[in-house]
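Enquirer: First the structure, which I've put down as structure tokens, then a few questions once you've had a look.
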Amino acid sequence: MSITIKNEAEVAAMRLAGRLASEVLDFIGPHVKHGVTTGELDTLCHQYMVEVQQTIPAPLNYAPPGYRPFPKSICTSVNHQICHGIPGDKVLKNGDVLNIDITVIKDGFHGDTSRMFFVGEPSIAARRLCEVTFESMWLGIDQVKPGATIGDIGHAIQRHAEGVGFSIVREFCGHGIGRRFHEDPQILHYGRPATGERLLPGMIFTIEPMVNAGRREIREMSDGWTIVTRDHSLSAQWEHTVLVTDSGHEVLTMSAACPARPTPLPAAA
Ligand code: MF3
Ligand code: CO
Ligand code: CO
């Protein structure tokens with residue numbers, strides 16, 4: 001497999017898919033409240049995608065090699081769950097923090113984005129973890145321009161998260177995206193500057209750091225999908241889909257209610 005360079009028509013289709021994915025998060029935000037189940041959030045998102053947007057929820061029945069088909073339309077990862085949480089009868093309660101990860105397919109192209117949500121008031125520690133993870137993602141996005149390397153992205157993310165004493169999950173990474181959900185290249189969320197593949201205009205990939213408050217080690221649950229922190233510490237993740245342009249980058253997964261890029265970005269630790 002090699003890295004695909006998108007032409008103008010493909011970029012236009014990816015812009016639409018990206019915005020629609022982000023709009024699902026705009027839609028579901030107000031429903032994230034004490035007492036709702038993750039399964040109910042899944043049902044609401046599924047209906048919104050299929051009936052309102054006429055998009056296809058890419059996670060549903062997604063089965064990469066070695067995995068059983070994912071049984072739901074979104075991923076909900078609560079507290080110490082890192083990623084790929086399967087929605088179900090878990091009731092959200094005040095103080096929970098969760099990642100909702102949405103991937104839609106529109107006209108054959110994928111848009112992939114995730115955000116953190118608070119149920120009621122989070123602890124100061126949880127708020128800080130989510131904030132630093134958000135800043136780390138944006139520091140990574142900020143590196144994206146022709147001639148920069150994948151290592152530049154990973155380094156910027158790692159420096160910030162580890163600089164405040166958090167850890168970066170190594171087993172999962174960002175990815176090229178387009179007609180396929182997961183394409184080359186892999187975008188590691190750690191690394192050394194000026195190493196790895198050089199970025200070219202027309203590349204599209206996700207940046208989606210997973211940051212743990214404690215140690216970086218993970219465990220996979222017996223459902224075959226849900227990934228949790230081995231030490232049960234809190235974990236956070238944010239994700240955008242990003243296009244390399246001639247002069248820099250364009251974030252494709254923005255929408256009306258999407259949290260804005262932090263200004264200014266925190267200085268390097
Ligand atoms: N959306 C996830 C990502 O960012 C992948 C989820 S795969 C699923 O790459 F099957 F769990 F949905
Ligand atoms: Co992704
Ligand atoms: Co995703």
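The values are calculated or read from the model by the stated rules, or taken from the named source; none is laboratory data. Note that the coordinates shown come from a computational prediction; the quantities given were computed from them, not determined experimentally. Counting neighbours? That spans all protein chains shown, and the Cβs are built from the backbone with ideal geometry, glycine included. Side chains are part of the model used for accessible areas, which takes the heavy atoms of the whole protein and leaves out ligands, DNA and RNA. Shrake-Rupley method; radii C 1.70, N 1.55, O 1.52, S 1.80 Å.
Enquirer: Would you please list the contacts, defined by Cβ atoms under 7 Å and residues six or more apart or on different chains, that run from a residue in segment 159-175 that is closer than 15 Å to residue 217 by Cα and of a type outside the set (A, V, I, L, M) to a residue that is within 16 Å of ligand 2 (Cβ to nearest atom) and open to solvent by 40 Å² or more (accessible area, probe 1.4 Å)?
Expert: Short answer, once both residue conditions are applied: 173/186; 173/188.
Enquirer: Could I ask something else about it? Against the condition closer than 26 Å to residue 228 by Cα, over 14 Å from the mean Cα position of the chain (by Cα) and within 16 Å of ligand 3 (Cβ to nearest atom), how does residue 183 come out, does it pass? I'd like the intermediate steps shown before the answer.
Expert: Details: closer than 26 Å to residue 228 by Cα: yes; over 14 Å from the mean Cα position of the chain (by Cα): yes; within 16 Å of ligand 3 (Cβ to nearest atom): yes.
It is true that residue 183 is closer than 26 Å to residue 228 by Cα, over 14 Å from the mean Cα position of the chain (by Cα) and within 16 Å of ligand 3 (Cβ to nearest atom).
Enquirer: Within segment 71-89, track down each residue that is within 15 Å of ligand 2 (Cβ to nearest atom), open to solvent by 10 Å² or more (accessible area, probe 1.4 Å) and among the aliphatic types (A, V, I, L, M).
Expert: Answer for segment 71-89, where residues must be within 15 Å of ligand 2 (Cβ to nearest atom), open to solvent by 10 Å² or more (accessible area, probe 1.4 Å) and among the aliphatic types (A, V, I, L, M): there is none.
Enquirer: Just checking: which of the strands (runs of 3 or more DSSP E) contained wholly in segment 177-249 hold 1 or more residues that are surrounded by 15 or more Cβ atoms within 10 Å (Cβ to Cβ) and away from ligand 2 (no atom under 16 Å from the Cβ)?
Expert: Counting at least 1 such residues, we get 210-212, 218-220, 227-229, 240-244.
Enquirer: Here's something else I'd like to know. Can you tell which of 99, 79, 61, 94 is free of Cβ contacts under 8 Å to residues at least 40 places away in the same chain and either more than 23 Å from residue 33 (Cα to Cα) or not hydroxyl-bearing (Ser, Thr, Tyr) (or both)? Walk me through how you get there before you give the answer.
Expert: On the way: 99 fails: free of Cβ contacts under 8 Å to residues at least 40 places away in the same chain; 79 fails: free of Cβ contacts under 8 Å to residues at least 40 places away in the same chain; 94 fails: free of Cβ contacts under 8 Å to residues at least 40 places away in the same chain.
Residue meeting the stated conditions: 61.
Enquirer: Can we say residue 93 is more than 10 Å from ligand 1 (Cβ to nearest atom), farther than 23 Å from residue 17 by Cα, among the charged types (D, E, K, R) and out of contact with any strand residue (DSSP E or B) (no Cβ under 7 Å at 6 or more places or on another chain)? Full working, then the answer.
Expert: On the way: more than 10 Å from ligand 1 (Cβ to nearest atom): yes; farther than 23 Å from residue 17 by Cα: yes; among the charged types (D, E, K, R): yes; out of contact with any strand residue (DSSP E or B) (no Cβ under 7 Å at 6 or more places or on another chain): yes.
It is true that residue 93 is more than 10 Å from ligand 1 (Cβ to nearest atom), farther than 23 Å from residue 17 by Cα, among the charged types (D, E, K, R) and out of contact with any strand residue (DSSP E or B) (no Cβ under 7 Å at 6 or more places or on another chain).
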